[in-house]
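K.L.:
Before we start, here is the structure in question, set down as structure tokens.
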Amino acid sequence: MTTFTTKREIPAIPSAVFAAFRDPVRLARWWGPDGFTNTFETFEFQPGGRWVFVMHGPTGANYDNESRFETIVPDEQVVIRHVSQPHFRLTVTLQEQPAGTLLLWEQAFDDDDVAKAVRHIVEPANEQNLDRLSAEVQAG
């Protein structure tokens with residue numbers, strides 16, 4: 001299994017959820033699991049654009065990240081290619097629902113062994129990430 005899928009219903013319209021992705025100040029507030037903060041160096045929110053940042057863990061560890069935005073469809077989808085280790089593609093799809101937005105978060109790792117090794121981290125971390133996104137969207 002190389003793909004981890006998480007779904008979340010967010011009681012807001014897709015454009016409100018998308019706004020929390022496109023604004024680097026807001027994205028830095030919610031990106032990552034509980035206790036993490038971010039420092040963005042480069043944020044080019046456009047297809048082919050770079051996203052270079054450091055995630056700061058709650059224990060003081062720093063994690064360098066570099067990604068490229070592959071696809072951006074306003075209010076519908078963001079596809080991010082993580083080009084630093086570990087290599088994966090994250091596809092976030094927003095679907096309008098009567099009660100707001102159904103968010104589908106699909107993180108596909110390039111290497112099955114890597115996916116197996118990080119599964120115990122990725123599954124709860126993705127849930128925490130979406131908890132933080134939901135709180136950010138609700139805060140507006």
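The values are calculated or read from the model by the stated rules, or taken from the named source; none is laboratory data. The structure presented is a predicted model; accordingly, all values stated were derived computationally and were not measured. Note that we place each Cβ from the backbone using ideal geometry, even for glycine, and neighbour counts take in every protein chain shown.
K.L.:
Within the group 70, 66, 106, 96, which residue is touching a strand residue (DSSP E or B) at 6+ places or on another chain (Cβ under 6 Å), over 21 Å from residue 42 (Cβ atoms), acidic (Asp, Glu) and assigned to a strand (DSSP E or B)?
P.N.:
That would be 106, the only listed residue that is touching a strand residue (DSSP E or B) at 6+ places or on another chain (Cβ under 6 Å), over 21 Å from residue 42 (Cβ atoms), acidic (Asp, Glu) and assigned to a strand (DSSP E or B).
K.L.:
Write out, first by first residue and then by second, each pair whose Cβ atoms fall under 9 Å of each other, whose residues are 6+ apart or on separate chains, and whose first residue, in the stretch 54-82, is at positive phi while the second is surrounded by 16 or more Cβ atoms within 10 Å (Cβ to Cβ) and aromatic (Phe, Trp, Tyr).
P.N.:
Every condition considered, the pairs that remain are 75/18.
K.L.:
If we keep just the residues of the stretch 51-74 that are in contact with an Asp or Glu (Cβ under 9 Å, 6 or more places away or on another chain) and loosely packed, with under 15 Cβ neighbours inside 10 Å, which is modelled with the lowest pLDDT?
P.N.:
Here the answer is 58.
K.L.:
Is it true that residue 110 is touching a Ser or Thr at 6+ places or on another chain (Cβ under 8 Å) and touching a residue at least 60 places away in the same chain (Cβ under 8 Å)?
P.N.:
yes
K.L.:
List pairs: first residue in the stretch 2-18 and closer than 24 Å to residue 88 by Cα, second residue charged (D, E, K, R) and assigned to a strand (DSSP E or B) anywhere in the structure, Cβ distance under 7 angstrom, at least six positions apart or on different chains.
P.N.:
3/106; 5/106
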